[in-house]
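K.L.:
Take a look at this one; I'll ask things after.
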Amino acid sequence: MMKKEYVVGVTGASGACYARRLLEVLCRDANVHLIVSDIAQQIATHEGVSFEGFNATVHPIDKMGASIASGSHRIDGMVVIPCSAKTLSAIATGYADNLITRTADVCLKEGRKCILVTRETPLSKIHLKNMLAAEDAGAMIMPACPAFYHHPKTIDDLVDMVVARVLDHLEVEHTLAQRWSGYDA
């Protein structure tokens with residue numbers, strides 16, 4: 001049985017902890033390609049988050065000749081987490097000027113899963129239009145909005161809730177977060 005293969009792109013928005021947690025889970029059982037933008041690395045360092053120590057293939061953001069930049073290289077999905085407004089705009093308009101946006105462009109043209117975990121707030125009309133354009137092109141827009149019905153006690157609980165939703169849409173089994181089971185009225 002072949003391992004699943006995913007691409008994780010990390011861009012310059014606060015929330016590097018989401019990417020780190022996703023990597024922790026995906027790298028257990030899948031082949032993972034990691035691309036971190038320069039500003040994302042700076043923000044991760046500021047937030048005290050490291051992307052070191054994972055069993056992932058790390059690609060420089062400017063390596064446009066990487067295998068994942070081609071539609072002939074099959075992957076099971078891509079997640080841009082967190083996804084900055086700039087990266088959202090590039091993906092929505094097909095402006096593939098780096099490996100993250102090129103790989104997302106390939107996912108969309110090939111009909112593969114492409115999840116954008118946006119982190120901007122408040123949202124301007126431009127952001128909303130870009131979200132709609134990206135969704136129209138086949139991307140899933142998944143703002144980093146944790147639920148609270150599971151009574152989170154820590155920041156990690158909130159991070160896990162967002163990452164759990166991403167994993168659900170990648171069809172990756174996990175036990176990160178409690179699922180809603182309803183309530184008795």
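K.L.:
Looking at the stretch 170-177, can you tell me whether even one residue there is hydrophobic (A, V, I, L, M, F, W, C) and without any contact (Cβ under 8 Å) to a residue 40 or more places away in the chain?
P.N.:
The initial filter retains those residues of the stretch 170-177 that are hydrophobic (A, V, I, L, M, F, W, C), namely 170, 172, 176-177.
Pick out the ones that are also without any contact (Cβ under 8 Å) to a residue 40 or more places away in the chain and you get 177.
Yes, there is a match, as at least one residue in the stretch 170-177 is hydrophobic (A, V, I, L, M, F, W, C) and without any contact (Cβ under 8 Å) to a residue 40 or more places away in the chain.
K.L.:
Name the residue, out of 50, 14, that is touching a residue at least 60 places away in the same chain (Cβ under 8 Å), surrounded by fewer than 19 Cβ atoms within 10 Å (Cβ to Cβ) and hydroxyl-bearing (Ser, Thr, Tyr). Let's see the steps before the verdict.
P.N.:
Details: 50 fails: touching a residue at least 60 places away in the same chain (Cβ under 8 Å).
Within the list 50, 14, the selection yields 14.
K.L.:
In the stretch 119-150, which residues are surrounded by fewer than 12 Cβ atoms within 10 Å (Cβ to Cβ), outside any helix (DSSP H, G or I) and not hydroxyl-bearing (Ser, Thr, Tyr)?
P.N.:
122, 148
K.L.:
Turning to a different aspect of this structure: Evaluate the following for residue 53: is it farther than 20 Å from residue 114 by Cβ and not acidic (Asp, Glu)? Let's see the steps before the verdict.
P.N.:
On the way: farther than 20 Å from residue 114 by Cβ: yes; not acidic (Asp, Glu): yes.
Spelling it out, residue 53 is indeed farther than 20 Å from residue 114 by Cβ and not acidic (Asp, Glu).
K.L.:
Checking the conditions here, which among 155, 100 is closer than 14 Å to residue 6 by Cβ and in contact with a helix residue (DSSP H, G or I) (Cβ under 9 Å, 6 or more places away or on another chain)?
P.N.:
Details: 155 fails: closer than 14 Å to residue 6 by Cβ.
Going through 155, 100 in turn, just one is closer than 14 Å to residue 6 by Cβ and in contact with a helix residue (DSSP H, G or I) (Cβ under 9 Å, 6 or more places away or on another chain): 100.
K.L.:
Which one of these does residue 69 not meet: (1) touching a Lys or Arg at 6+ places or on another chain (Cβ under 9 Å); (2) touching a residue at least 60 places away in the same chain (Cβ under 8 Å)?
P.N.:
(2)
K.L.:
I've got another one for you. Could you figure out which of (1) of a type outside the set (A, V, I, L, M, F, W, C); (2) out of contact with any Ser or Thr (no Cβ under 7 Å at 6 or more places or on another chain); (3) surrounded by 19 or more Cβ atoms within 10 Å (Cβ to Cβ) isn't true of residue 37?
P.N.:
For residue 37, the failing item is (2).
K.L.:
Taking the stated definitions as given, is residue 159 of a type in the set (A, V, I, L, M), modelled with pLDDT of 95 or more and in contact with a strand residue (DSSP E or B) (Cβ under 7 Å, 6 or more places away or on another chain)? Step through it out loud before you land on a result.
P.N.:
Values: of a type in the set (A, V, I, L, M): yes; modelled with pLDDT of 95 or more: yes; in contact with a strand residue (DSSP E or B) (Cβ under 7 Å, 6 or more places away or on another chain): no.
Taking the combined requirement at face value, the residue does not satisfy it.
K.L.:
So is residue 66 farther than 21 Å from residue 108 by Cα and crowded, with 17+ Cβ neighbours inside 10 Å or not? Full working, then the answer.
P.N.:
Values: farther than 21 Å from residue 108 by Cα: no; crowded, with 17+ Cβ neighbours inside 10 Å: yes.
Taking the combined requirement at face value, the residue does not satisfy it.
K.L.:
Only one residue in 30, 44 is in contact with a Phe, Trp or Tyr (Cβ under 7 Å, 6 or more places away or on another chain) and either farther than 26 Å from residue 97 by Cβ or of a type in the set (Val, Ile, Thr) (or both). Which one? Break it down stepwise before answering.
P.N.:
Details: 44 fails: either farther than 26 Å from residue 97 by Cβ or of a type in the set (Val, Ile, Thr) (or both).
Unique residue meeting the criteria: 30.
The values are calculated or read from the model by the stated rules, or taken from the named source; none is laboratory data. Every value quoted in this text rests on a predicted model; they were computed, and no experiment measured them. Here the Cβ is made from the backbone with ideal geometry for all residues, glycine too, and neighbour counts use every protein chain on show.
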